[in-house]
Amino acid sequence: MPQSVPSFTELLDGARHSAVHLEMRDTYGVATEADPYKEWLRTGAADTDPDSAYWRPWTELIRRTVARGVAVRRARIVSEPVSDYVRYEHAGTVVNVAAGEQVRWLPRRAASDIALPGNDFWLIDGSLIRWNHFTGDGASVPGEISEDAQAARLCAEAFECVWARAIPHEDYKIH
């Protein structure tokens, strides 16, 4: 029987020591980002104010999580040259970092020999997976929760391998 999917607030508020997120798509079409992304495409200006109305719910959650001693790490596998969406994402990542996330980028060519799960995910405390699902054009569709130990091991090993090879945000230059 499928488990209900907790909100990101519930997931991160429940984390005890770690929350890792692996992103593997070159384009996302998440509804909440549609207008900011269009504005960035039009002007090249991204909202990088961690306390803006757009960012505040996320940055407050991350700050609260990190303040409890939970390590929050995000790794992104990207094709190069990067897509417009990844350029937009890169421009806004300063906010994630300012809130307390550690973020790294891995060029896709450097990930060829890594066994990766089929979907983006959050892994909480090494055992609870929140699978993120998307349509072909990147729209977010309902995710799912899993506590399958074998899948959690795959996610943990994949993330750590990506993390070890990836470039810290402050050193990653867009190509």
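Derivation of every value follows stated rules applied to the coordinates shown; laboratory data play no part. Because the structure is predicted, anything quoted here is derived from the model rather than measured. In this analysis, Cβ positions are derived from the backbone assuming ideal geometry, glycine residues included, and neighbour counts consider all displayed protein chains.
Note on the chain: GNM, Cα springs under 10 Å; of Asp125, Asp113, Asp84, the largest mean-square fluctuation is that of Asp113.
In terms of the mean number of neighbouring beta-carbon atoms within 10 Å, the peptides 14-25, 59-70 order highest first as 14-25, 59-70.
Between Ala110 and Asp51, the modelled label-to-label distance comes to 3.5 nm, taking each label 7 Å out from Cα in the direction of the beta carbon. Considering only Leu12, Leu154, Leu116, the mean-square fluctuation computed in a Gaussian network model of the chain, springs between alpha carbons under 10 angstrom, is largest for Leu154. DSSP finds beta bridges in the chain, and of those with both partners inside it, around 55 percent are antiparallel. Given R0 = 25 Å, the distance between the Cβ atoms of Thr27 and Ile174 translates into a calculated FRET efficiency of 0.95. With one equal scatterer per alpha carbon and no solvent term, the Debye-computed log10 I(q)/I(0) for the stretch 1-159 at 0.11, 0.16, 0.19 1/Å reads -0.44, -0.99, -1.43.
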